[in-house]
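Heads up: the structure comes next, in structure tokens.
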């Protein structure tokens, strides 16, 4: 490991979609920012004080580089940045899954850059009222810069920082985001939904749905396809939905294997 | 119609489960209350100032009588009260469906009592912070006392009152409560659910679940079995869940009739 960059003064953001913009707004007061969007190379016009459009080389020359592209675009972003990264720079991603991006960064980034996988557990909707109290997961992958970065996120941005591993993250988030997005997708397709005779719990369900329904389609696909634990979660959700359907249809809960109703099924039938 | 009782001073509550108790707590400062629980005739011990245990005859002798028994127990409660009701008394129920109870009350209550179907769109969980701002639906069925009762609920208990018909109520609430309880039942069965790396939208989903998970089992059964619109809602929910399952399994959305994917399916696939 070469000597780490002690003080981060410049941050390069690769990817300038909804999340890249949100991040830039909150980092701008503290750092010199350079941004580049590989999906829109022709229109790099992020106006704002201290925010400079750049090419991949310009972004890669910063002390800290954030991959804010969709998860499937991470390998191409790494390839574009790789030749220009400084020794001791810190590279982190912000994808909603961590195992895949962690592997890609570890395999393809030069040995003299530090790596952290991060997942800000919020988006433009939930961050409308500010960042304070929102959560971010950090998965240290290479180098020792996690504590310094966690301190900045905690004390300056007021985020709640969870330090974890990529696998523990993906396992928990498969449920958190998998269930939220699955339920929201179903509810949105049931519109128009009631607005008048609503209960407090239904109102909360609607608020949860509003928060994720405008997320970019790649977020849902990353959650469902790129998270290795997502399939088990949704299989369980769909199996329980089917069990509930049969119970309400027949008043009994047959098990998939044809055996007697499970204890859970009997409890449900009470 | 005989002359209505102009001023309600006594209220009889038939049924003293979780909701009957909640109601008694909020009505006690304003009325003389008599309560009777047909499911627990041996233990009528509702201590509290102004709250008198009574038999069905005592409850029926009040100016206003509330049926707070489970929906399937309403006919038996009416039969017990019927011989003792005062001319001009107001009878109302608080069930989470309205068409069935409305029909039962209309058919079996004496012609000289007034009838209102009500559905307080809250329960012990959502009312923990007080009643102000919570909603109640009123369905006038016989007589003209709805405006007076609505005024009390609005100005004294600070509830939001929705005056509607039994059918409009059941149609809307089939979605509101049907979806909330269905989703909550599935989520509870997926426990343990994550507590650490949660998003704001997942936290809302969990709050919605907590609010209904301890509801009496008869609430869920009333919603699913006694509401004539519930089956259409859950059929649609389960069909959309199945469509989503197939989409995530195969990357395409076959329709039940074997035709090409629907427009909704194609949009989903984008």
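Overview of results
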{"quantity": "Fewest-first sequence of B:235, A:112, B:170 by Cβ atoms within 10 Å of each Cβ", "calculated": "B:235, A:112, B:170"}
{"quantity": "Ranked B:146, A:165, criterion: other C-beta atoms within 10 Å, fewest first", "calculated": "A:165, B:146"}
{"quantity": "R0 of 51 Å, Cβ-Cβ distance residue A:79-residue B:250: FRET efficiency to nearest 0.05", "calculated": "0.95"}
{"quantity": "Of all DSSP beta bridges in chain A, antiparallel share, percent nearest 5", "calculated": "20"}
{"quantity": "Per-residue Cβ neighbour rank within 10 angstrom, fewest leading, B:249, A:224", "calculated": "B:249, A:224"}
{"quantity": "Residue with peak Gaussian network fluctuation, chain B [Cα springs, cutoff 10 Å], from B:124, B:194, B:140", "calculated": "B:194"}
{"quantity": "Other-copy label distances relative to residue A:28, 7 angstrom Cα-Cβ extension, nm", "calculated": "5.7"}
{"quantity": "Within the protein assembly as shown, percent of DSSP bridges classed antiparallel, to nearest 5", "calculated": "20"}
{"quantity": "Sequence-separation-based contact order of chain A, relative, with Cα cut under 8 Å and 6+ spacing, percent", "calculated": "13"}
{"quantity": "Centroid-to-centroid separation of segment B:149-186 and segment B:65-138 [C-alpha atoms, Å]", "calculated": "13"}
{"quantity": "Choice from A:155, A:181, A:229 with maximal GNM fluctuation in chain A (Cα, 10 Å cutoff)", "calculated": "A:155"}
{"quantity": "Copy-to-copy label separations for residue A:191, where each label sits 7 Å from Cα toward Cβ, in nm and ascending", "calculated": "3.3"}
{"quantity": "Global geometry of segment A:10-165, whether rounded, prolate or oblate, following the gyration tensor of its Cα atoms and the 1.5 cut on a/c", "calculated": "rounded"}
{"quantity": "Residue with peak Gaussian network fluctuation, chain B [Cα springs, cutoff 10 Å], from B:71, B:163, B:94", "calculated": "B:163"}
{"quantity": "7 Å along Cα→Cβ, label-point gaps from residue A:106 to other copies, nm, shortest first", "calculated": "6.9"}
{"quantity": "Antiparallel content of DSSP bridges confined to segment A:10-165, in %, to 5", "calculated": "20"}
{"quantity": "Model label zone, residue B:236; criterion: amide N under 15 Å from point 7 Å along Cα-to-beta-carbon; scope segment B:163-206", "calculated": "B:168-180"}
{"quantity": "At R0 = 30 Å, FRET efficiency that the Cβ-Cβ distance of residue B:165 and residue B:39 yields, to 0.05", "calculated": "0.50"}
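Any read-out appearing in this document is the output of simple, stated calculations on the displayed coordinates, not a laboratory observation. Owing to the predicted nature of the structure, the values given are computational and were not obtained by experimental measurement. Because the Cβ atoms are built from the backbone with ideal geometry, glycine has one as well, and the counts that use them run over all protein chains shown.
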